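The structure appears below as structure tokens.
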Amino acid sequence: MKRIIDNSSLYEEGKLSLDEISIDRERVKFILKKRLRNISGKKRLGILWMIMDPVVTSMIYLFVLTILKGRTDPESLFIGISTYQVLQNSLKSGCMSITDLTGGFKAERIRTKTILLASLRYRFVDTLATTCGVLGVLFLVYNIPLLGIIFLIIISQIIGFIFEGIGLSFSLTMRRFPDLFNILNLFLRLMFFAGPVMYPMVATEGLHYQINLYNPFTYFVEFARYMAELDSIITAIDIEMASLIVIICAITSIFGYYRVDRFRWRMTTWA
Amino acid sequence: MGIDGASVSIQDLSLEYHDFIRTKNTPWGVITPFKSLNSLSLIINEGETVALLGRNGAGKSTLLKCIGGLIRPAKGKIITNGRVILLAGVDPGFLPNLTGRQNILELGMAYGIKPKLLIEFSNTIEEFANLGEAYDRRFGGYSTGMRGKLGFGFITALEPSILLIDETLGVGDVEFRKKAQIRLKKFIKNSGTVIISTHSLGLAKELCSRGILLDKGKLVIDGDINDVIDKYSSMTS
């Protein structure tokens, strides 16, 4: 394979051989396993921690809110926290991805497409693991209808893929200005408490309600609640505004996935 | 041989690193470019073994990384024909929580070793690295020398078309270095192009027929290894 390296990119001439395609497939598997191993590490329960974390977090907040408010809506809280964790994991993973775009291969440059494919597979597995514990609780304990469960799986996956891409589109800026990562953490914390994570949108009013209409997460989580037959404002929202916000998110995300090769190439000379 | 038959063709290559510096006068920081390679043009033909010589900071490692496609040139172009492997440091990407054997098997697949050849591939490396029972211990617990043996054994077992070596032969004990040289010679005989960045003039003389001397990112001399070593010696004396 002839490889041409210049300032704008690294590109290969000709079609990939079957052997090369097969190697790329093995590399996707390797990177995926490596990322999952990084999470499980030496822990005995390994990936089970990913499943248990949102369930335990939801139960803690359920307990705290029940004490503080006297009553709360557990189904809504479980959906909010699991989808929020998917958003948080994917956004942070996208933002930080550029710190290691070698895929762990130190002796050879591997194709960006391979790294991207591994990231997408990892996102799918991570999202599934993050939501499946909560799905079990919702289905078995709170009798949420099957259709609501299926939609929660689909919506969580959409959140995962969209916010991973949004993270990617900010990754270069994050690398250049690491302070932004702290700002992102503060923003996510604010979103956790002020956004419709622990409570549905119907529990908000006035300015709080108005601001949350600009939060893209609102539309995903409220739709999930609606499909689970819980309190939701989804039927009352301005559909044009909702579509606009979701479209902006989708475009930013596609931009991130599309530009990742260029980002990867640009940052190689940053000392 | 012209550009068409070349294994590596470098045309007017310049490279700049970008450093982020924050000072009293620039509290928000400024990005300062500094040149590492300056208008290099070279052609390395298939089957050649080339020594890359120069003082620390001359740009040897940067040039190898650039040929390996790991960093972006500021100007110019590099064309490589065939698979390029860079042996820099001693680690092709081993995972600390896996044993040496598990690493070889998993990484071997990811580096393109066919499943039916994998056991043989692992046995060859086990024999070369001579780690004994440590081969089945966690890689994270290996000493630098042991890591070097495994890494060198792994990469030279891959048989790429273009092998770039960055000072790696310095790892391990005397016995291992001898073994590594024998293995490298065998590799050179069996396969394509090799470019070695080294400070060891004896090694360069023994393994290479051609030398390239760099200084401050510029090409000083490119030619017969003896001439290049003489020039380098006169520069450093």
Task: Residues of region A:103-141 satisfying the condition of being farther than 17 Å from residue A:267 by Cβ, polar (S, T, N, Q) and away from chain B (no Cβ under 14 Å) - done: A:127, A:130, A:131
Open item on the list: Of the residues A:77, A:91, A:138, only one is in contact (Cβ under 8 Å) with a residue 24 or more places away in the chain and closer than 21 Å to residue A:165 by Cα; which?
Closed with: A:91
Open item on the list: Quick check on my filter: what residues within region A:10-27 are under 18 Å from residue A:261 (Cβ atoms), of a type in the set (A, V, I, L, M, F, W, C) and facing chain B (nearest Cβ under 9 Å)?
Closed with: A:10
Task: Residue in region A:147-194 that is nearest to the other protein chains (Cβ to nearest Cβ), counting only those that are closer than 30 Å to residue A:229 by Cα and among the charged types (D, E, K, R) - done: A:164
Open item on the list: Criterion first (in a loop (DSSP other than H, G, I, E, B), over 25 Å from residue B:198 (Cβ atoms) and at pLDDT below 95) does residue B:32 satisfy it?
Closed with: no
Open item on the list: Can you say whether residue B:68 is within 21 Å of residue B:214 (Cα to Cα), touching a strand residue (DSSP E or B) at 6+ places or on another chain (Cβ under 7 Å), touching a residue at least 60 places away in the same chain (Cβ under 8 Å) and of a type outside the set (A, V, I, L, M), as far as the supplied structure shows?
Closed with: yes
Task: Which numbered condition residue B:96 misses (of (1) in contact with a Ser or Thr (Cβ under 9 Å, 6 or more places away or on another chain); (2) in contact (Cβ under 8 Å) with a residue 12 or more places away in the chain) - done: (1)
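Results for (1) buried (at least 18 other Cβ atoms within 10 Å of the Cβ); (2) more than 25 Å from residue A:239 (Cβ to Cβ); (3) β-branched (Val, Ile, Thr), shown as yes or no for each residue.
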| residue | (1), (2), (3) |
| --- | --- |
| A:152 | yes, no, no |
| A:180 | no, yes, no |
| A:194 | no, no, no |
| A:203 | no, no, no |
| A:211 | no, no, yes |
TODO: Of the numbered conditions (1) in a strand (DSSP E or B); (2) surrounded by 22 or more Cβ atoms within 10 Å (Cβ to Cβ); (3) at pLDDT 90 or above, residue B:64 fails exactly one; give the number of that condition.
DONE: (1)
Open item on the list: Looking for something free of Cβ contacts under 8 Å to residues at least 12 places away in the same chain, exposed (fewer than 15 other Cβ atoms within 10 Å of the Cβ) and hydrophobic (A, V, I, L, M, F, W, C) - is there at least one such residue anywhere in region A:232-243?
Closed with: yes
- [ ] Inspect all residues belonging to region B:68-80 and state whether any of them is facing chain A (nearest Cβ under 9 Å), touching a Ser or Thr at 6+ places or on another chain (Cβ under 7 Å), within 27 Å of residue B:149 (Cβ to Cβ) and of a type outside the set (Phe, Trp, Tyr).
- [x] yes
- [ ] With respect to residue A:221, determine if the residue is of a type in the set (Val, Ile, Thr), within 30 Å of residue B:37 (Cα to Cα), in contact (Cβ under 8 Å) with a residue 12 or more places away in the chain and assigned to a helix (DSSP H, G or I).
- [x] no
Task: Residue selected from region B:81-123 under the condition over 28 Å from residue B:60 (Cβ atoms) and among the charged types (D, E, K, R), by the criterion nearest to the other protein chains (Cβ to nearest Cβ) - done: B:106
Task: Hits in region B:109-156 - residues which are closer than 28 Å to residue A:22 by Cα and aromatic (Phe, Trp, Tyr) - done: B:111, B:121, B:128, B:135, B:139, B:152, B:154
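Results for (1) touching a His at 6+ places or on another chain (Cβ under 7 Å); (2) surrounded by fewer than 19 Cβ atoms within 10 Å (Cβ to Cβ); (3) not basic (Lys, Arg), shown as yes or no for each residue.
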position	(1), (2), (3)
B:49	no, no, yes
B:53	no, no, yes
B:68	no, no, yes
B:80	no, no, yes
B:87	no, no, yes
B:101	no, yes, no
B:113	no, no, yes
B:119	no, yes, yes
B:123	no, yes, yes
Open item on the list: Going by what's in this entry, would residue A:76 be described as small (Gly, Ala, Ser), surrounded by 13 or more Cβ atoms within 10 Å (Cβ to Cβ), away from chain B (no Cβ under 14 Å) and farther than 30 Å from residue A:266 by Cβ?
Closed with: yes
Task: Per-region count, region B:37-60, residues of a type in the set (Ser, Thr, Tyr) and within 13 Å of another protein chain (Cβ to nearest Cβ) - done: 0
Task: Pick from region A:33-76, criterion among the charged types (D, E, K, R) and in a loop (DSSP other than H, G, I, E, B), ranking: modelled with the highest pLDDT - done: A:73
- [ ] Hey, can you tell me all the residues within region B:84-128 that are among the charged types (D, E, K, R) and within 15 Å of residue B:152 (Cβ to Cβ)?
- [x] B:91, B:126, B:127
Task: Meets criteria (closer than 25 Å to residue A:34 by Cα and crowded, with 23+ Cβ neighbours inside 10 Å) for residue B:96 - done: no
Open item on the list: Quick check on my filter: what residues within region B:21-48 are out of contact with any Gly (no Cβ under 9 Å at 6 or more places or on another chain) and either farther than 22 Å from residue B:219 by Cβ or of a type in the set (A, V, I, L, M) (or both)?
Closed with: B:24, B:25, B:26, B:27, B:28, B:29, B:30, B:31, B:32, B:42, B:44
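The values are calculated or read from the model by the stated rules, or taken from the named source; none is laboratory data. No experiment lies behind these values; they were computed from the predicted model shown. With ideal geometry, Cβ positions are generated from the backbone for all residues, glycine too; neighbour counts draw on all protein chains shown.
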